[in-house]
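For reference, the structure is listed below as structure tokens.
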């Protein structure tokens with residue numbers, strides 16, 4: 001049976017001041033009318049039943065996430081006691097799947113991506129699920145790049161091996177780090193490279209076998225955790241086993257080492273919405289004649305290509321600026337050049353250092 | 001006897017969002033620790049006793065102004081029922097002075113200027129008071145221009161006629177409108193031009209005689225108002241007489257037409273603080289190594305020559321910008337390029353048109 005694992009543990013510092021420790025990116029309504037986590041669940045309707053859908057996050061975020069998915073049937077939720085990157089996170093989800101369904105197939109997806117249209121998304125996911133169900137392959141989904149992005153990792157495809165639901169499936173030559181502009185343009189031109197979406201599909205048994213082979217210490221911990229599922233010591237064992245784990249990503253731990261990998265070509269719109277600058281891009285269709293996107297009460301004079309987010313009570317006036325991002329919240333306001341959107345993280349780190357906890 | 005008339009009727013739209021209809025520029029603490037009106041009163045200490053000092057403003061601003069001058073002995077206050085520019089305002093003040101002191105001398109000054117040091121200010125004012133007391137001259141105070149400003153009117157001085165307290169006094173050739181850059185540079189080079197400070201000194205009888213001569217309708221109205229001072233109909237008469245008055249400035253009504261004008265050279269620091277850009281200039285001595293001036297809770301990354309005003313509860317983060325002004329208040333925030341600081345007025349006008357009264 002197919003199970004969905006939604007990874008929702010990030011904090012999304014780049015979306016400060018809207019995102020906070022207890023209001024992470026995935027509960028914000030970025031790029032759609034609903035919180036990103038709710039959009040993610042909605043997209044799975046008809047593909048994976050909610051009772052076999054699990055959100056994996058950290059203890060602090062359980063409450064805001066449950067709030068964000070209401071109304072609607074609540075999915076299962078697993079709280080990681082510590083953040084230990086995606087290899088541990090996926091391993092933990094996998095032992096939970098194996099525990100209830102030894103032959104279970106897992107669709108693993110981040111909670112904070114903007115994707116559409118949902119119909120095509122479901123067809124492409126179904127293609128990957130079919131490949132993963134019928135083999136021991138690790139299936140990834142590669143986004144056909146619409147432009148030479150330098151902010152994403154890439155998948156280098158190999159020979160074609162199948163086509164399902166109109167989605168071609170390829171062997172994988174390898175994974176590539178975020179490229180330079182020049183290299184990204186070569187990738188785009190060759191047609192052989194996809195954006196690495198971070199969405200995966202595999203049997204729980206397959207990924208656990210890979211973890212046993214490539215990260216035996218992690219696997220040993222996972223076995224102990226699996227043994228305690230449903231027992232009174234479940235939480236204690238989880239904490240004990242999790243705490244000393246190395247932080248390592250699934251890409252580094254498994255994907256770059258495994259042999260049988262397949263990439264399904266995904267031709268839906270996809271964005272990982274990494275910063276306020278990408279929100280401005282995503283919402284470009286709402287822009288006025290000067291390229292400005294504004295929500296809430298605002299007044300713009302001689303302003304171009306600017307994003308202004310406020311509410312209907314707090315007025316933001318902007319004059320004589322371009323390529324700026326203004327995000328107002330009750331207790332904090334960000335004013336940032338579009339080119340500096342990535343540095344919002346640095347700002348949050350600076351607040352952390354100053355122990356301005358109320359604003360984190 | 002010397003009397004002081006402080007003109008405090010402006011709204012200071014250019015200081016939105018701090019300035020509002022009921023919180024005008026003169027009650028803001030711009031360029032000093034106290035509200036501008038309080039600083040103005042303090043500057044007069046030892047020069048004009050508070051019981052002979054009158055603030056003239058509009059009805060809406062009486063309460064915020066009285067709040068702003070506390071603690072301290074309250075000055076007299078006259079509320080104009082309608083704003084009718086400076087000729088009417090000064091005429092009204094003059095009949096009140098004449099009513100209690102027919103030979104009284106008036107020092108007339110705006111409430112919203114930044115001036116220092118106070119010691120030198122008082123010496124120069126005393127020089128003007130002496131000239132006005134001993135003659136029927138209209139005395140103005142001309143600021144020695146430190147740079148070729150294009151935002152101020154100028155006074156063209158004539159022959160020297162006296163020197164009091166080390167301040168030379170000149171005849172006046174004429175008044176000049178705000179000049180072009182080129183002309184302002186010529187003015188500066190010649191040494192014969194002063195900034196028109198908008199500070200005046202004259203006998204009440206002298207200015208009223210001028211108003212009788214140059215603006216007979218205004219003078220007739222003032223006579224009727226004077227006749228009602230201290231009677232039960234005072235307020236009614238004031239409203240009736242004031243309402244139909246033409247809006248005309250004292251410069252246009254009198255100064256450009258009168259014969260006997262003297263200008264006292266003022267060598268104190270003076271600024272009329274016309275916009276947020278001039279606040280940034282005024283407070284340049286508080287700037288950090290990157291030319292930023294910030295009050296309240298803020299975090300600046302890769303920011304230069306920027307003014308950030310907020311409080312200790314609302315955090316403002318700015319990244320990757322220069323020459324910007326950010327002013328946060330409880331219900332409105334301004335983000336503006338330094339070059340656009342004059343256009344804040346347009347923004348307020350736009351809010352007015354949209355009937356966003358809560359933000360005016």
Nearest 5 is fine: what % of DSSP beta bridges in the protein assembly as shown come out antiparallel, could you say?
-> 45 percent
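Can you give the % of DSSP beta bridges in the range B:276-359 that are antiparallel, to the nearest 5?
Working: 5 of 17 bridges.
For the range B:276-359, the DSSP antiparallel bridge percentage is about 30.
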Using the alpha-carbon centroid of each, what span in Å lies between the range B:215-280 and the range A:106-139?
-> 77 Å
Stretchable slack from residue A:302 to residue A:346, in nm (0.36 nm times residue separation minus alpha-carbon distance) | 12.9 nm
Separation of alpha-carbon centers, the range B:194-208 and the range B:1-25, rounded to whole Å | 19 Å
7 Å along Cα→Cβ, label-point gaps from residue A:354 to other copies, nm, shortest first | 3.0
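Estimate the FRET efficiency between residue B:67 and residue A:150 by the formula 1/(1 + (r/R0)^6), using the beta-carbon distance for r and 60 Å for R0, to the nearest 0.05.
Numbers: r = 56 Å, r/R0 = 0.94.
Using R0 = 60 Å, I get an efficiency of 0.60.
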In nm, spacing of pseudo-spin labels at residue B:159 and residue B:176 (7 Å Cα→C-beta vector) = 2.2 nm
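What FRET efficiency comes out for residue B:311 versus residue B:285 if R0 is 25 angstrom and r is the Cβ-Cβ distance? Round to the nearest 0.05. Walk me through the numbers before you get to the answer.
Numbers: r = 22 Å, r/R0 = 0.87.
Calculated value: 0.70.
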Taking the simple approach of a point 7 Å from Cα along Cα-to-Cβ for both residue A:247 and residue A:224, what is their distance in nm?
-> 2.2 nm
For residue A:166, go 7 angstrom from Cα along the Cα-to-Cβ vector, then report the distances to that same point in the other copies in nm, smallest first.
-> 8.8
Separation of the residue A:45 and residue B:34 label points, Cα + 7 Å toward Cβ, nm | 6.6 nm
List the equivalent ellipsoid semi-axes of the protein assembly as shown in whole Å, largest first, each obtained as the square root of 5λ for an eigenvalue λ of the Cα gyration tensor.
-> 73, 24, 21
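Could you work out the relative contact order of chain B? I mean the mean sequence separation of Cα pairs under 8 Å and 6+ apart, divided by the number of residues, in percent. Display every interim value, and only then the final one.
Numbers: 720 pairs, mean separation 69.0, N = 360.
With pairs under 8 Å counted, the relative contact order is 19 percent.
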Using alpha-carbon coordinates, inclination of helix A:344-353 to the longest axis of chain A, degrees | 80 degrees
Longest principal axis of chain A (C-alpha) makes with the long axis of helix A:181-190 (C-alpha) an angle, in degrees to the nearest 10, of 60 degrees
Acute angle (nearest 10 degrees) that the helix B:204-214 long axis makes with the longest principal axis of chain B, alpha-carbon atoms | 90 degrees
Put the label 7 Å from Cα along Cα→Cβ for residue A:230; what are its distances to the other copies, in nanometres, shortest first?
-> 10.0
Taking R0 as 60 Å, what's the FRET efficiency between residue A:235 and residue B:269 from their Cβ-Cβ distance, rounded to 0.05?
-> 0.30
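Each value in this text was obtained by applying a stated rule to the coordinates, not by laboratory testing. Please read these numbers as outputs of a predicted model, since none were measured by experiment. Backbone-built Cβ (ideal geometry, glycine too); neighbour counts: all protein chains shown.
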